Amino acid sequence: MTRVVIACGLGGVGKTTAAAGVAVAHALAGRRVVVLTIDPARRLADALGLSGLGNEAVEVDLSPIGATGTLHALMLDRKATFDDLVRRHGEPDIVDRLLVNRYYRAASTRLSGAHEYMAIVKLEDLVDDGRWDVIVLDTPPAQHVVDFFHAPERMATLFEPGSLSALGGGGGLLGMATRRIGMVLERLAGESVIKDVGEFFRLMGSVGEHIRDQSEHIQKRLRSKDTGFVLVTSPRLDVLSDVEAFADLLRAQKMRIEGMLVNRVVLPPRLGHPIVPARLPRAPDEIEAAEWEALGLALAELPPMVDALARDHAAAISRLSAAVDGVPVSVLPEIPGGVRTLEALARLAPFLPT
Amino acid sequence: MSIPESIFARRIVVVTGKGGVGKTTVCASLGLAFAKRGRRACLVELNGQGRFAQLFGLGARSYAPRAVAPGVETISLTANECLDDFAHRKLKMDTVVRMLFKTRAVTGFLDAVPGLHDLFQLGKIENLLVDPHDDDPHYDAVIIDAPSTGHGLSMLSSARTMADLVRVGRFHELSSTIERTFGDPEKTTIVVVTLPEELPVNETMEFISALGPDRKLLSVVLANRYHAAPVPKGLAWELMEPLLRTSSDPDLRQLHRLALTEIERQDAEGTSVSRLAASLDGLPVAVLPWVPGESRHVLAALASDLLGDES
Ligand SMILES: Nc1ncnc2c1ncn2[C@@H]1O[C@H](COP(=O)(O)OP(=O)(O)OP(=O)(O)O)[C@@H](O)[C@H]1O
Ligand SMILES: Nc1ncnc2c1ncn2[C@@H]1O[C@H](COP(=O)(O)OP(=O)(O)OP(=O)(O)O)[C@@H](O)[C@H]1O
Ligand SMILES: [Mg+2]
Ligand SMILES: [Mg+2]
């Protein structure tokens, strides 16, 4: 059975980095791994050998880190994935007709939940492919962590039968209420967009059906014991309510959380005794006493400053850990200069849940 | 570091940027700075996130304006509330017709046309400034905490896509009005917030080059959470550095590591900001300091900084 690991979290917290790190960690443990990234930073993409490549998995050369497993990586291309979905599940000539539909061109990939949905579609492709022991999925930046889980349902709702495909159809079959609604919408948005939207949903008929049918399957995948979530977060208290909402949702839905990864944590300075200027070396002859003293004062302030920050982080971590009660918590320190090479990813391995 | 004075003459300030860079904090600080300049400001939040309420300890979000500081109020919008308001005030629709907006067919349609949600919320803001009701409060400026889209799409381009898609009807009129107000550099300005780090700077550069016609609205890019130099650089540090590195006292060697990490970060931040500035031919870049402590404290410090107060 293929294991699926999904990295989720608010925007900018380090989901893509964590996803790549977890993938490398599994490869170091000898597994065959694929990571599906979403808009990776250029350097990280380079590190994974993804420059300029698209929607298909490419093998990452792991020889620099001597991993015994294998790693493939790919970048999600939402538009291509959407087109692909339409081609596979639509009527034969549907793509051509959709391509000239203004609504399809302007709106389809921006539908609410579409980004997350396309990531899941691609995930299913990777599962079907069968080449991998572990699939690691990165997720799009979210305003709320729970957004990811509602995306498939939001997509499915859009394709519920009736409502939208009836728009602009003009047929006499429409009931009174629907006609009234049609009139209101026409007054608001004009006839042509209503037509375009209606046509889009009619053309999407069998694709929409597929999307709705997939709902249950996706729910099963997300709840499977082989799927685990890694919640990535910063060591900040203002994300507490979001983390709580996420933990509640996972508990209610009986989904498995592999761990919470608190990223970019500042660690305490670990000094035996406080630094006071008197402990610093004496001023060499070539320097003025005042300048040396100023430097000494600045240096003495450094450890307490780092310590204060480390305490804030530690306090945030303990509140966040309490919010996800019982879930293993890993702490990833702030890496000076960021994470941008395969070697740097490999160094994260011991910190990451595998 | 102070920001261009012209910002205080604008009626709409759109604060945008990637997730977590400090948009909400910067908005709130800008509001305080406006008030200090004697300009009544309203902090507007979209999609009912409740972040200002959280920041100012107001409990739940609210569509009705609330005061957060002298001369500063906040309102939290949702597309549904704005649409209902629009239907009521502008379209003069009665309660019964407005009930239709709550039916599946209509909500489905509204959800299915991306940009409509932005459109209603921008419409409400436009209304608040340009055509307020008697019982509406008066503001000199609104400061908008724009949602981080994550794919560089600005809300304004969203309204434009709408105008393009919807070519007639009341929504079209609405998006044209919005385009006129929000596209006018005399009225509106965009402030981009970023971090002085490599990835956020790259993304900001991409975002700005994709702005197209909206670029003329940009007034400043703020590199937030910029760290001050940890130690005074110069001869003293050059002499101190090897002494600490080779010290027999492990605490001093640890101090050396701490200092180096801080110095390297500061150098990297400096490089990021220079790279950003160089890419923006002439558009001002300002840094906002990293402020330790609680978020309320952070925003007070940033407000002073935005005004160029020495503290
Ligand atoms: N532990 C760390 N130490 C230092 N820098 C880090 C660390 N983790 C991540 N970063 C840096 O933070 C930035 C954001 O990371 P990343 O792209 O992984 O975030 P994300 O959550 O995927 O963002 P988005 O929501 O935009 O997709 C990158 O520049 C990355 O190198
Ligand atoms: N200059 C600063 N110094 C120190 N901390 C800061 C600074 N600016 C913002 N912060 C802190 O950074 C965190 C994120 O800030 P904020 O919520 O304003 O970001 P945002 O861009 O609005 O995030 P989101 O995209 O999630 O809405 C907060 O904890 C805030 O207190
Ligand atoms: Mg990412
Ligand atoms: Mg915010």
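Where a number appears in this text, it was derived from the coordinates with a stated rule and is not lab data. Computed from a predicted model, the values in this text were never measured in an experiment. Neighbour counts are summed over all protein chains in view; Cβ atoms, including those assigned to glycine, are modelled from backbone coordinates with ideal geometry.
Please give me the summed charge of the neighbours of A:Val265: other residues whose Cβ is under 13 Å from its Cβ, Lys and Arg +1, Asp and Glu -1.
It works out to a net charge of +1.
Among the lysines, which have Cα under 27 Å from the Cα of B:Lys90 when same-chain residues fewer than 8 positions away are ignored?
By straight Cα distance, B:Lys90 reaches A:Lys195, B:Lys102, B:Lys124, B:Lys187.
Taking Cα centroids, how far is the stretch B:1-40 from the stretch A:294-354 in Å?
31 Å
With a 10 Å cut-off between alpha carbons and a GNM built on chain B, which of B:Pro213, B:Pro250, B:Pro292 moves the most?
Sorting by GNM fluctuation, first place goes to B:Pro250.
Taking the protein assembly as shown, how much of its Cα-Cα pair set, in percent, is spaced more than 34 angstrom apart?
50 percent
Kirkwood Rh over alpha-carbon pairs of the stretch A:88-131, then Stokes-Einstein at 10 °C and 1.306 mPa s: what D in µm² s⁻¹, rounded to an integer?
Rounded to a whole number, D works out at 130 µm²/s.
How far apart, in nm, are the 7 Å Cα→Cβ label points at B:Arg180 and A:Phe351?
5.4 nm
Among A:Ala27, B:Val285, A:Leu280, which residue has its Cα positioned farthest towards the positive end of the charge dipole of the protein assembly as shown, with +1 placed on the Cβ of Lys and Arg, -1 on the Cβ of Asp and Glu, and the dipole taken about the Cα centre?
Looking along the dipole axis, the top candidate is A:Ala27.
Cα gyration tensor of chain A, axes a ≥ b ≥ c as square roots of the eigenvalues: rounded (a/c below 1.5), prolate (a/b > b/c) or oblate?
The shape class here is prolate.
State, as an integer percentage, the relative contact order of chain B based on alpha-carbon contacts under 8 Å between residues 6 or more apart.
It rounds to 25 percent for chain B.
Over all Cα pairs of the stretch A:274-354, how is the pair count split among 10 Å bins, expressed in % and running from 0 up to the last occupied bin?
14, 26, 25, 21, 12, 3
Based only on other Cβ atoms within 10 Å, what is the fewest-to-most ordering of B:His138, A:His217?
B:His138, A:His217
Which whole-number percent is the relative contact order of the stretch A:59-117 (Cα, under 8 Å, 6+ apart)?
About 22 percent, as a whole number.
Which loop GluC sites (Glu not before Pro) in the stretch B:156-200, with loop taken from DSSP, have no more than 16 other Cβ atoms within 10 angstrom of their Cβ?
Listed in order of number, the matching sites are B:Glu186.
Would you list which lysines come within 25 Å of A:Lys225, measuring only between C-alpha atoms, while excluding same-chain residues fewer than 8 positions from it?
Output for A:Lys225: A:Lys15, A:Lys122, A:Lys254.
Could you give me the percent of Cα pairs per 5 Å distance bin for the stretch A:277-316, shortest bin first, beginning at zero and ending with the bin that holds the maximum distance?
All Cα pairs, binned at 5 Å, distribute as 6, 23, 21, 15, 11, 11, 7, 5, 2, 0 percent.
Taking other Cβ within 10 Å of each residue's Cβ, how do B:Lys23, A:Lys15, B:Lys187 sort, fewest first?
B:Lys187, B:Lys23, A:Lys15
Just the Kirkwood number for the stretch A:1-156, please: inverse of mean 1/r across all distinct Cα pairs, in Å, one decimal.
Evaluated on the stretch A:1-156, it is 16.3 Å.
Please report the relative contact order for chain A, taking Cα pairs under 8 Å with a sequence separation of at least 6, and give it as a percent rounded to a whole number.
Taking the mean separation of contacting Cα pairs over the length of chain A, I get 24 percent.
State the Cα centre-to-centre distance between the stretch A:234-251 and the stretch B:83-126 in whole Å.
32 Å
Build a GNM of chain B with springs between Cα atoms under 10 Å: which of B:Ser274, B:Ser29, B:Ser176 gets the top mean-square fluctuation?
For chain B, modelled as a Gaussian network with Cα springs under 10 Å, the answer is B:Ser274.
In the Gaussian network model of chain A, springs joining C-alpha atoms below 10 Å, which of A:Gly66, A:Gly14, A:Gly337 carries the largest mean-square fluctuation?
Checking each option, the largest mean-square fluctuation is seen for A:Gly337.
Per residue, how big is the convex hull of the stretch A:1-69 when only Cα atoms are used? Give it in Å³.
Spelled out: Cα convex hull of the stretch A:1-69, divided by residues, is 97 Å³.
Given R₀ = 60 Å, what would the calculated FRET efficiency be for B:Val130 paired with B:Ser248, taking r from the Cβ atoms and rounding to 0.05?
0.25
Rounded to the nearest 10 degrees, what's the angle between the helix A:191-203 long axis and the longest principal axis of chain A, both from Cα atoms, 0 to 90?
90 degrees
Treating the Cα atoms of chain B as identical point scatterers in vacuum, please give the log10 of the normalised Debye intensity I(q)/I(0) at q = 0.16 Å⁻¹, two decimals.
The Debye formula, applied to the Cα set alone, gives -1.32.
Shape of the stretch A:254-301 from its Cα gyration tensor (a ≥ b ≥ c, root eigenvalues): rounded if a/c is under 1.5, otherwise prolate when a/b > b/c, or oblate?
prolate
Where both partners of a DSSP beta bridge lie in the protein assembly as shown, what percent of those bridges are antiparallel, to the nearest 5?
Restricted to the protein assembly as shown, the bridges split so that about 10 percent are antiparallel.
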